[in-house]
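This report concerns only the one structure given below.
The values are calculated or read from the model by the stated rules, or taken from the named source; none is laboratory data. Just so it is clear, the structure is predicted and the values come from calculations on it, not from any experiment. Using ideal geometry, Cβ is built from the backbone for each residue, glycine included, and neighbour counts are taken over all protein chains shown. What goes into the accessible areas is simple: the full protein's heavy atoms, side chains included, and nothing from ligands, DNA or RNA. Shrake-Rupley method; radii C 1.70, N 1.55, O 1.52, S 1.80 Å.
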Amino acid sequence: MKAILIPEFQSDPSTLRPSVVPTPTPQPDEILVRITHCSPQHADILHAQGKHQNNNAKRGWCFPPFVLGYDFAGDVQSAPTSSKGRLKKGDRVFGAAIGAFAEYICVKESAIRRVPNELSNETACAMSGQAVSYAAVVNIAKVKSGETVMVSGASGGLGSVCCMVAKALGARVIALAGDAAKAESMRRNMDVDLVVVMEGDWIKQVMDFTNGQGVDAVLDNTGLVNGALRCLAYFGRIVVLGFAARKGVMEEVKMNKLLLKSATVVGYRFGESGRRYSGELERIWDGYLGMLKTGQLKPMLYGKYDGLEDVGRALKDLADRKVYGKLVVTVADIQETARL
Ligand SMILES: NC(=O)c1ccc[n+]([C@@H]2O[C@H](COP(=O)([O-])OP(=O)(O)OC[C@H]3O[C@@H](n4cnc5c(N)ncnc54)[C@H](OP(=O)(O)O)[C@@H]3O)[C@@H](O)[C@H]2O)c1
């Protein structure tokens, strides 16, 4: 099969091209999936460069030689009898596992879910990584109708879905953008109430929009707690989701800033939370997929990427911060009959 193999760490993942490697053979407890779509993200760049915490020689994760990629959708080729008939050949599935930039992947059942009938594989693939946004807005920030919510990294995979979920709950949404050109695209393509470019007097723009009250909740995908505190209403909440803009250098926050506004600042680690609280994880997926099935959330797809040959270009567009929403690479042509 074709796959994006990392024989050794690559400083420039844009040069990656598919190689021919053996098609994987499933272990007795594994499912073989033919991949129809994959969705490159920033973590894939770090994985390829050897700069991610997952690059673990001892555990053998993401350590050369390995096949790159994480989010995917596809169809089941073979399933073990231990899957108790839950999944069978031909079922459409989506999920996340290292090795997704390939024509086939072997995964444990826990790594994948069935694609709901209403959704295409492309939509499922584009949205597979963002249940975290749903959970952060609904369960952690506990956003209510009528509140004002600010989202940093709003053009990104997590940020764009944070905006959509907050809007679906009836909140007013302020989306933060890195530059004016991106902000223009966001104004055209996103259903938000205000797009603010993070330059000059951006905090004043947020305060003016909220009549000086500040925002009720912030979903922080970039590492912006100090900025968020300055925009926050009294008793406001900040959910720390990621540090996309920090280049590995974490912020220092003066604790009196929290006290002065009776602020709540809470971190949220979706993967670990799901591993510890599986019942809650199922409720999150039900809620998230429910919003997707009813069309309250729609993927924001950037560009067009055909075949594993386009993975390098996709990674370059991500690295150049051109992308808003999600990239999806079509790996195999299938007839998409789903509505959404
Ligand atoms: N907490 C969790 O469980 C969890 C789960 C998955 C991911 N994450 C983390 O959440 C963060 C967002 O993930 P994502 O998938 O939404 O990423 P993404 O799609 O790459 O989006 C990140 C956004 O941040 C902005 N940004 C600002 N400075 C940046 C920089 N130097 N490089 C790249 N982007 C920059 C970009 O928007 P502008 O260009 O408009 O500024 C971009 O759209 C990441 O740090 C990721 O590791 C957390």
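When ligands, DNA and RNA are left out and all protein chains stay put, how many square angstrom of accessible area per residue does the stretch 198-339 have with a 1.4 Å probe?
Value for the stretch 198-339: 57 Å² per residue.
Can you give me the long-range amide H partners of Met300? Hydrogens built in the peptide plane at 1.01 Å from N, cutoff under 5 Å, separation of 5 or more residues or another chain.
Distant-sequence amide H within range of Met300: Lys326.
Hey, what do the phi angles of the stretch 43-52 turn into as Karplus ³J(HN,Hα) couplings, whole Hz, using 6.51/-1.76/1.60 and θ = phi - 60°, x for Gly and Pro?
4, 5, 5, 5, 4, 5, 7, x, 10, 9
What shape does the stretch 130-271 take by its C-alpha gyration tensor, where a ≥ b ≥ c are the square roots of the eigenvalues and a/c under 1.5 counts as rounded, a/b above b/c as prolate, and the rest as oblate?
Working: a/c = 1.18, a/b = 1.13, b/c = 1.04.
Judged from the Cα gyration tensor, the stretch 130-271 comes out rounded (a/c under 1.5).
From the backbone phi of the stretch 267-275, what are the Karplus-calculated ³J(HN,Hα) couplings (6.51 cos²θ - 1.76 cosθ + 1.60, θ = phi - 60°) in whole Hz, Gly and Pro given as x?
Listing the rounded values in order: x, 9, 10, 4, x, 5, 4, x, 5 Hz.
Let's see if you can work this out: charge +1 on each Lys and Arg Cβ, -1 on each Asp and Glu Cβ, no other charges. What is the dipole magnitude of the stretch 130-271 about its Cα centre, in debye to the nearest 20?
About 300 debye.
With every protein chain left in place and a probe of 1.4 Å, what is the accessible surface of Glu147, to the nearest 10 Å²?
Result for Glu147: roughly 20 Å² accessible.
Accessible area of Cys162, 1.4 Å probe, to the nearest 10 Å²?
0
Give a residue-ordered list of calculated ³J(HN,Hα) values for the stretch 203-210 (Karplus: 6.51 cos²θ - 1.76 cosθ + 1.60, θ = phi - 60°; whole Hz; x for Gly, Pro).
Calculated HN-Hα couplings, in order: 5, 4, 4, 5, 5, 4, 4, 9 Hz.
Name the residue, out of Glu199, Glu252, Glu309, whose mean-square fluctuation peaks in a Gaussian network model built on the chain with Cα pairs under 10 Å.
The residue that fluctuates most here is Glu252.
Hey, what did the stretch 130-271 get for relative contact order, percent, Cα under 8 Å, at least 6 apart? Before the final figure, lay out each step's value.
Values: 293 pairs, mean separation 30.9, N = 142.
Once divided by the residue count of the stretch 130-271, the mean separation gives 22 percent.
Among the listed pairs Lys58/Lys316; Lys88/Lys108; Lys167/Lys293; Lys142/Lys167; Lys2/Lys51; Lys204/Lys261, which are separated by more than 19 Å between their Cα atoms?
As for pairs spanning more than 19 Å Cα to Cα, those are Lys58/Lys316; Lys2/Lys51.
Roughly how many Å² of Val195 are accessible to a 1.4 Å probe, to the nearest 10?
For Val195, solvent-accessible area is about 10 Å².
Please compute the modelled spin-label separation between Arg230 and Ala332, points set 7 Å along Cα→Cβ, answer in nm with one decimal.
According to this spin-label approximation, the distance is 5.2 nm.
Once you order the gyration tensor axes a ≥ b ≥ c over the Cα atoms, which shape class does the stretch 40-150 get: rounded for a/c under 1.5, otherwise prolate or oblate by comparing a/b with b/c?
Oblate is the answer for the stretch 40-150, as a/c is 1.5 or above yet b/c matches or exceeds a/b.
Output the relative contact order of the chain, whole-number percent, from Cα pairs under 8 angstrom with separation of 6+ residues.
Computed value for the chain: 20 percent relative contact order.
Please sort 25-31, 219-225 by packing, taking for each peptide the average over its residues of neighbouring beta carbons within 10 angstrom, highest first.
In decreasing order of mean packing, 25-31, 219-225 become 219-225, 25-31.
Ignoring any ligand, DNA or RNA, what whole percent of the accessible area of the stretch 130-271 comes from carbon and sulfur when the probe is 1.4 angstrom? Let's see the in-between values first.
Values: 3430 of 6340 Å².
Taking all protein chains in place, the stretch 130-271 shows 54 percent carbon and sulfur surface.
Could you check the simple spin-label distance between Arg313 and Glu184, using points 7 Å along Cα→Cβ, in nm with one decimal?
The two pseudo-label positions are separated by 2.3 nm.
Give me the one-decimal nm value for the distance between modelled label points at Lys51 and Arg114, 7 Å along each residue's Cα-to-Cβ direction.
Each label point is offset 7 Å from its Cα along the Cβ direction, giving 4.1 nm.
Is the shape of the chain best called rounded, prolate or oblate, per the rule: a/c under 1.5 gives rounded, else a/b larger than b/c gives prolate, else oblate, with a ≥ b ≥ c the square roots of the Cα gyration tensor eigenvalues?
prolate
Rounded to the nearest 5, what % of the DSSP beta bridges within the chain are antiparallel ones?
Once the DSSP bridges in the chain are tallied, antiparallel ones form about 55 percent.
Residues with amide H under 5 Å of Tyr104's amide H, sequence separation 5 or more or different chain, H placed in the peptide plane at 1.01 Å from N; which?
HN-HN under 5 Å from Tyr104: Ile35.
With charges set only on the Cβ (+1 for Lys and Arg, -1 for Asp and Glu), what does the dipole of the chain come to about its Cα centre, in debye to the nearest 20?
Charge dipole of the chain: 640 debye, to the nearest 20.
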